[in-house]
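For reference, the structure discussed in these notes is given below.
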Amino acid sequence: MWKFTNLIANTISPVQHRYIDNTNSIIQSSDQWALHSLRTARLEVISRGPDGQIFEGDKVSLTCQVNGHLVEWTFELWKIREENPNETRKENTFTFSPVTLSHRGRYSCRAKKGDLHSEFSASVQLNVLELFSKPTLTVQPNASVWEMDSVDMSCQSESKVTGTRLTYRFYRENMTVIQGKLENVFRITFAVKNNSGSYWCEVGSEEEKTEKKRSDPVQVTVRAMNVTLEPSPSRSVKEGDPLNLTCIWGGKQSFPSKLTFSFLQNNVTVEHNRESPVLSITWVEKRHGGSYMCATELPRGRKTYSKTIEIEVLKGFPLTTVLVSVGLALFLLLLLLLLFVCGRTRGSTFTEGKKARRKEKKMDVITPNRGAVQIEPLNKEGIMGCSERKHNRQLLLCSQLNQVEQKLLLR
């Protein structure tokens, strides 16, 4: 039989020690007396859980059965290793509804009337199983993100009973950001500085038959977007040179295509709501000098500005001088080309005339017009070649010479 030594020490005075035995009589020694009782107790656990299993959220009853006719007796439910009764009541049934994990442990009961006590019942074990596990909050991609990043917070809890539907709630700095819902993910599409804080999630059953469980908190930090304006090739450019101003934003933004860009010159907006982060000036002029800054704008209208940079425009060649120089260069190139073609033509004419004078033998032929011309000797094939020059005065003469050659061959 399990004994409560602490109970005896606390409830009986040092002068009068009472105890209960099976004879229902008082036993007294020279300095003490005691009460004996035949009453015994038995503790039963009653639950409607499947297969006798008890899950948190269930209704559990513990009944203390004591033999004999009890009038004006009270019943005590004791949890082992606790100095005081867990509960005292006139009814012999103790109910936990809903039962929680804190109710786990070994229990015993007894009946009491004044200084008279029944025996303690044999202890029984109350096992309470988890309906779902304590949730864990995870943050993706990271607990430290840049503005404009998307943040996904996932509340993970494992259900231990098939068919149990869980609800989820998300908190930031003790304020609810998402009410109970069946989805376990909370998304911040475009994070801003105000989204920083301590987050945790809470899980409960849809039937709300058990206590809700909270995750440990996670600190989420949203860093301000770092925007800079980068000139290319440099901050000092000459008139007529190209210039690119690129707006660069820091961080690993999940949706950079949602950003728009604005550019300001001397605090006056020159470009607004551009999708491209680059402002290009193909031909720099004096008026393009001054202070520049850019701004990135989030879809919800929040702008972040870069620091100001100074663009210096140096004196270069005037536009008219450049155009005249280009035109003169093209004219000289064309003139050189014409001189080259003309020289080749004159050289070819001189060479042909020299070859014609070096013919070894010439022949005079009487033409039908009674004129005399010189013809070349017969070649290897027996045909006399005619030096057909492409001159207007000799075209007709060459034709006549060919006819004469044909006649000579026929003879």
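Note down all Cβ pairs under 6 Å where the first residue falls in the range 226-237 and is touching a residue at least 60 places away in the same chain (Cβ under 8 Å) and charged (D, E, K, R), the second is open to solvent by less than 50 Å² (accessible area, probe 1.4 Å) and in a strand (DSSP E or B), and they're at least six residues apart or on different chains. Between residues of the range 226-237 that are touching a residue at least 60 places away in the same chain (Cβ under 8 Å) and charged (D, E, K, R) and residues that are open to solvent by less than 50 Å² (accessible area, probe 1.4 Å) and in a strand (DSSP E or B), the close pairs are R235/I311.
Residue check: T176 meets all listed conditions (1) exposed (fewer than 14 other Cβ atoms within 10 Å of the Cβ); (2) over 24 Å from T164 (Cα atoms) but one, namely (2).
Pairing each residue of the range 114-137 that is over 29 Å from N84 (Cβ atoms) and assigned to a strand (DSSP E or B) with any residue that is at pLDDT below 90 and of a type in the set (V, I, T), provided the two are 6+ apart or on different chains, yields C-beta distances under 9 Å for F132/V161; F132/T164; F132/T210. A Cβ distance below 6 Å, combined with a sequence gap of six or more or placement on separate chains, defines the contacts here; from the range 252-268, residues that are within 14 Å of T308 (Cβ to Cβ) and at pLDDT below 80 reach no residue that is in a strand (DSSP E or B) and open to solvent by less than 90 Å² (accessible area, probe 1.4 Å). Residues of the range 132-143 that are more than 14 Å from the chain's Cα centre (by Cα) and either at pLDDT below 90 or within 13 Å of N184 (Cβ to Cβ) (or both): F132, S133, P135, T136, L137, T138. Among residues of the range 192-204 that are farther than 16 Å from V139 by Cα, those with a beta-carbon under 9 Å from a residue that is of a type in the set (V, I, T) at least six positions away or on a different chain give the pairs K193/V222; N194/V222; V203/T167; G204/T167; G204/T210.
In the range 144-164, the qualifying residues are those that are in contact with a Phe, Trp or Tyr (Cβ under 9 Å, 6 or more places away or on another chain) and at pLDDT 90 or above, and the one that is farthest from P217 (Cα to Cα) is E158. T63 passes every criterion in (1) open to solvent by 20 Å² or more (accessible area, probe 1.4 Å); (2) not in a loop (DSSP other than H, G, I, E, B) apart from (1).
Can you tell me which residues in the range 195-231 are touching a helix residue (DSSP H, G or I) at 6+ places or on another chain (Cβ under 9 Å) and of a type in the set (V, I, T)? Scanning the range 195-231 gives V220, V222.
In the list D31, D58, which residue meets the criterion of being open to solvent by less than 60 Å² (accessible area, probe 1.4 Å), part of a loop (DSSP other than H, G, I, E, B), at pLDDT below 90 and out of contact with any His (no Cβ under 6 Å at 6 or more places or on another chain)? Answer to the selection: D58.
If E207 satisfies every condition in (1) buried (at least 16 other Cβ atoms within 10 Å of the Cβ); (2) at pLDDT below 95 but one, which is the exception? Status for E207: all satisfied but (1).
Among the residues of the range 257-309, those that are in contact with a Gly (Cβ under 7 Å, 6 or more places away or on another chain), assigned to a loop (DSSP other than H, G, I, E, B) and open to solvent by 20 Å² or more (accessible area, probe 1.4 Å) comprise N266, W283. Here A143 fulfils each of the conditions (1) open to solvent by less than 40 Å² (accessible area, probe 1.4 Å); (2) more than 27 Å from L101 (Cβ to Cβ); (3) in contact with a Lys or Arg (Cβ under 8 Å, 6 or more places away or on another chain) apart from (3).
The values are calculated or read from the model by the stated rules, or taken from the named source; none is laboratory data. All values reported here derive from a predicted model rather than from experimental measurement. Virtual Cβ from ideal backbone geometry, glycine too; neighbours counted across all protein chains shown. Note: accessible area is taken over every heavy atom of the protein model, side chains too, but ligands, DNA and RNA are not part of it. Shrake-Rupley method; radii C 1.70, N 1.55, O 1.52, S 1.80 Å.
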